[in-house]
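The values are calculated or read from the model by the stated rules, or taken from the named source; none is laboratory data. What you see is a predicted model, and the numbers here were worked out from it, not measured in a lab. Here the Cβ positions follow ideal geometry from the backbone for every residue, glycine too, while neighbour counts run over all protein chains shown.
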Amino acid sequence: MSAHPPKHSRAASFAYITLAYVVAVAAAYVTVVHFPLSSPLYTAFLGDVVATCVVFGFSVAFSNSSFYDAYWSVIPPLVGAYFLSHASADANLTRQALCLGLCTLWGVRLTYNWAIGWTGLHHEDWRYIDIKAKTGKLYWPASFAGIHMFPTVEVFAACLPMWPAMTAEAPLSWIDGLAAVVTLVAITIEAVADEQLRAFGKTKKPGELIQTGLWRYSRHPNYFGELLFWWGLFLFGLAASPADWTWTIVGTSAITLMFFFISVPMMEKRQLEKKPHFAGVIASTSMIIPWFHRANNAPTEASE
């Protein structure tokens with residue numbers, strides 16, 4: 001593994017990423033068409049795993065695990081589309097359109113947000129660099145298990161509510177309406193939070209921390225929107241088949257626990273190491289769920 005991966009232009013980097021995802025999706029397509037398992041759910045998962053292995057191959061070839069970064073937002077709409085292909089003619093068309101349409105909107109927006117902020121293959125997520133430093137020669141097995149395959153399993157589990165949403169014949173209910181509102185609000189919150197953070201980054205002073213807009217009420221409003229989106233998908237599945245909630249809720253719950261107890265604490269620990277005055281933001285602002293700003297505890301230097 002090269003200590004200094006070769007640098008590529010931003011355009012070339014996007015070309016390689018695009019190639020990786022085209023090959024990955026093609027491999028998944030061949031898998032689900034020619035190697036079906038006993039259940040469409042098992043087959044979809046197998047295709048997802050095969051696609052992840054292809055992306056991992058590109059990560060190794062370019063010595064950069066950030067090849068996986070956009071996979072999180074690219075795959076769910078395709079999983080939903082595969083589920084839709086197994087629906088009977090009597091499945092509820094309106095629910096299908098709402099669920100898959102909103103999932104696709106979420107995926108396109110999130111992928112776009114990643115793309116405009118990604119500088120190219122000379123960059124790699126800081127968390128991957130930390131893992132590389134800690135694992136040494138075992139980095140690539142750790143990358144395969146922790147950076148590539150674990151998120152794939154987690155996101156696929158969170159996509160499971162789309163199976164009943166795409167295939168059930170149950171009539172629409174107020175839960176579908178709630179699901180649509182929650183999911184659309186989630187996408188809007190993510191979009192607004194990301195745009196506010198991007199605008200702040202263009203004008204902020206050294207060491208300044210964002211405490212305006214949605215960021216005044218949550219330290220991570222974009223993550224709140226992300227979690228809300230997955231709960232919206234769960235509500236679509238609940239509306240379509242209430243009896244299946246015991247297994248359709250597993251992935252949604254896992255992602256929620258990951259954000260609250262792993263991802264956000266890890267990010268905030270690093271933020272505190274870089275900017276100790278971030279402690280003031282922690283004291284004044286809710287972690288994920290937006291809540292009233294505690295002005296008396298506001299930081300003297302306003303971060304992310």
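When residues in region 128-145 are screened for being closer than 13 Å to Val60 by Cα and among the acidic types (Asp, Glu), 0 of them pass. On the basis of being aliphatic (A, V, I, L, M), more than 27 Å from Ala283 (Cα to Cα) and surrounded by fewer than 19 Cβ atoms within 10 Å (Cβ to Cβ), does Leu257 make the cut? No: the conditions fail for Leu257.
For region 242-252, filtering for residues that are more than 14 Å from the chain's Cα centre (by Cα) and over 19 Å from Val181 (Cα atoms) leaves 7.
Going residue by residue through region 194-215, is there one that turns out to be surrounded by fewer than 19 Cβ atoms within 10 Å (Cβ to Cβ), hydroxyl-bearing (Ser, Thr, Tyr) and part of a helix (DSSP H, G or I)? Yes: one or more hits. Among the residues of region 267-279, are any under 26 Å from Tyr128 (Cα atoms) and among the aromatic types (Phe, Trp, Tyr)? Yes, region 267-279 contains at least one residue that is under 26 Å from Tyr128 (Cα atoms) and among the aromatic types (Phe, Trp, Tyr).
For Phe229, are the conditions met, namely being modelled with pLDDT of 95 or more, crowded, with 22+ Cβ neighbours inside 10 Å and more than 22 Å from Leu84 (Cβ to Cβ)? For Phe229, the condition - modelled with pLDDT of 95 or more, crowded, with 22+ Cβ neighbours inside 10 Å and more than 22 Å from Leu84 (Cβ to Cβ) - is not met. Sub-9 Å Cβ pairs linking a first residue in region 36-62 that is on the phi < 0 side of the Ramachandran plot to a second residue that is crowded, with 16+ Cβ neighbours inside 10 Å and assigned to a loop (DSSP other than H, G, I, E, B), at least 6 apart or interchain, are Leu41/Leu160; Phe58/Asn64; Phe62/His8; Phe62/Leu121, ordered by first then second residue.
Being of a type outside the set (Ser, Thr, Tyr), closer than 23 Å to Thr104 by Cβ and either at pLDDT 95 or above or assigned to a loop (DSSP other than H, G, I, E, B) (or both) is a condition met by no residue of region 274-285.
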